[in-house]
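Asker: This is the structure I want to talk about, given as structure tokens.
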Amino acid sequence: MEYDVKKIIDENKKIAVLCGGPSSEREVSLRSGKNIFEALKRLGYKNVELIDIDKNIAATLRAKNIEVAYNAMHGKYGEDGCIQGMLEVMGIPYTGCGVLASSICMNKEFTKNVLKGADIPLIKSVLLKKEDNYLEKIKNLNYPLMLKPVSEGSSIGMYKVNNQDEFLKYIEKSFEYNQDVLTEEYLDGTSLTVGVLEDGEKIFATEILEFKTKTEWYDYEAKYTAGLTEFILPAKISETQTKQIKEIAIQAFKACGCKGVSRVDFLLAQGIPYVLEVNTSPGMTDLSDLPAQSKAMGISYDMLVQIILNGAGLNK
């Protein structure tokens, strides 16, 4: 049975779907934005515009008298609190998380620090800066390691390194994307992800998605190339683990101050559900996780878009 969602935003409101922009995730964002735009039209919203972000975005929104912003941006500027802050100054309600949650969750190290305070399971890691003595700082970590630029999404700039030689080869490549790189132990386990949605006063987790890749790990190619990843919905885990992971996802959502929508990524290793990161602007492409997770619990793509749109203004 399809999830029942009421419209809160008036159909005649001028809605801008914000996408694109200058980030490394631009192409994914454009695909998300196009899908969302088409869904809003199907839902009956009469004044919807698809806007590719540029440096004149504030003037554009003002000139078009935009009343509500649907944030479909990923990465820098759209997912780190920048566009959220601008919209708040302009007094335009927007979807998704607010300034603080967006900026925290965009930075993997800050996210870990917040989640650590909430007693959420985390994989052992250290933060590296360019000026650091790298080998000294990672001496207590066990190979293999994952190198993760702290403020990139879609696995951009991430590398798996199996030994010191590979570490020294790839660490500088990771630094090309961010000035800080989270270096985390690589664990063998089951890769899982779960969406968290806010519908009115109710916060709930979607079905849990398990994925197995034909690549060595869940990299950019696996995420956005059809056929490279096997998706298992619902995940083949026990009822106890399912309940626990959903509870931790909601706990992480609340701990980071998220609103409206987020997606929490996990690695289930040796029975422990480790949180990897919290994504405050999940992809909405044909191959994205959140639409698939939602569909598995009776929430169609259009209804998912409606739920997220209804959340515009929750960050106020």
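The values are calculated or read from the model by the stated rules, or taken from the named source; none is laboratory data. For clarity, every value in this text was computed on a predicted model and none was experimentally measured. Here the Cβ is made from the backbone with ideal geometry for all residues, glycine too, and neighbour counts use every protein chain on show. Surface accessibility is based on the protein's heavy atoms, side chains included, excluding ligands, DNA and RNA. Shrake-Rupley method; radii C 1.70, N 1.55, O 1.52, S 1.80 Å.
Asker: Regarding the range 84-91, can at least one residue be identified that is in contact with a Cys (Cβ under 8 Å, 6 or more places away or on another chain) and not β-branched (Val, Ile, Thr)?
Answerer: Yes, the conditions are met somewhere in the range 84-91.
Asker: So which residues in the range 24-44 are assigned to a loop (DSSP other than H, G, I, E, B) and without any contact (Cβ under 8 Å) to a residue 40 or more places away in the chain, if there are any at all?
Answerer: Gly44
Asker: Would you point out the residue of the range 12-23, among those that are open to solvent by less than 60 Å² (accessible area, probe 1.4 Å) and in a loop (DSSP other than H, G, I, E, B), that is farthest from Ile92 (Cα to Cα)?
Answerer: That would be Ser23.
Asker: With respect to Ala252, is the statement that it is small (Gly, Ala, Ser), at pLDDT below 85 and within 17 Å of Leu290 (Cα to Cα) true?
Answerer: No, not satisfied.
Asker: Taking the range 24-55 only, how many residues are open to solvent by 40 Å² or more (accessible area, probe 1.4 Å) and either touching a Pro at 6+ places or on another chain (Cβ under 9 Å) or more than 30 Å from Gly157 (Cα to Cα) (or both)?
Answerer: Qualifying residue count, the range 24-55: 8.
Asker: Val114 passes all but one of (1) touching a Cys at 6+ places or on another chain (Cβ under 6 Å); (2) open to solvent by less than 30 Å² (accessible area, probe 1.4 Å); which number fails?
Answerer: (2)
Asker: Considering only the range 168-189, state which residues are aliphatic (A, V, I, L, M) and open to solvent by less than 60 Å² (accessible area, probe 1.4 Å).
Answerer: Hits for the range 168-189 are Ile171, Val181, Leu182, Leu187.
Asker: Name the single residue, out of those in the range 244-265 being of a type in the set (S, T, N, Q) and surrounded by fewer than 24 Cβ atoms within 10 Å (Cβ to Cβ), that is nearest to the chain's Cα centre (by Cα).
Answerer: Gln251
Asker: Being open to solvent by 20 Å² or more (accessible area, probe 1.4 Å), more than 20 Å from Leu115 (Cβ to Cβ), in contact with a Lys or Arg (Cβ under 6 Å, 6 or more places away or on another chain) and at pLDDT below 85 is true for just one of Glu216, Glu230. Which residue is that?
Answerer: When all the criteria are applied, what remains is Glu230.
Asker: Quick check on Glu67: is it in contact with a strand residue (DSSP E or B) (Cβ under 6 Å, 6 or more places away or on another chain) and open to solvent by 10 Å² or more (accessible area, probe 1.4 Å)?
Answerer: It is true that Glu67 is in contact with a strand residue (DSSP E or B) (Cβ under 6 Å, 6 or more places away or on another chain) and open to solvent by 10 Å² or more (accessible area, probe 1.4 Å).
Asker: Sticking with this structure for a sec: For the range 266-307, give me each residue that is closer than 26 Å to Phe37 by Cα, open to solvent by 10 Å² or more (accessible area, probe 1.4 Å) and part of a strand (DSSP E or B).
Answerer: Asn279 - this is the single residue of the range 266-307 that is closer than 26 Å to Phe37 by Cα, open to solvent by 10 Å² or more (accessible area, probe 1.4 Å) and part of a strand (DSSP E or B).
Asker: Please give the helices (runs of 4 or more DSSP H) falling wholly within the range 70-176 in which 2 or more residues are within 30 Å of Glu11 (Cα to Cα) and either modelled with pLDDT of 95 or more or in contact with a Gly (Cβ under 7 Å, 6 or more places away or on another chain) (or both).
Answerer: Hits in the range 70-176: 82-90, 99-106.
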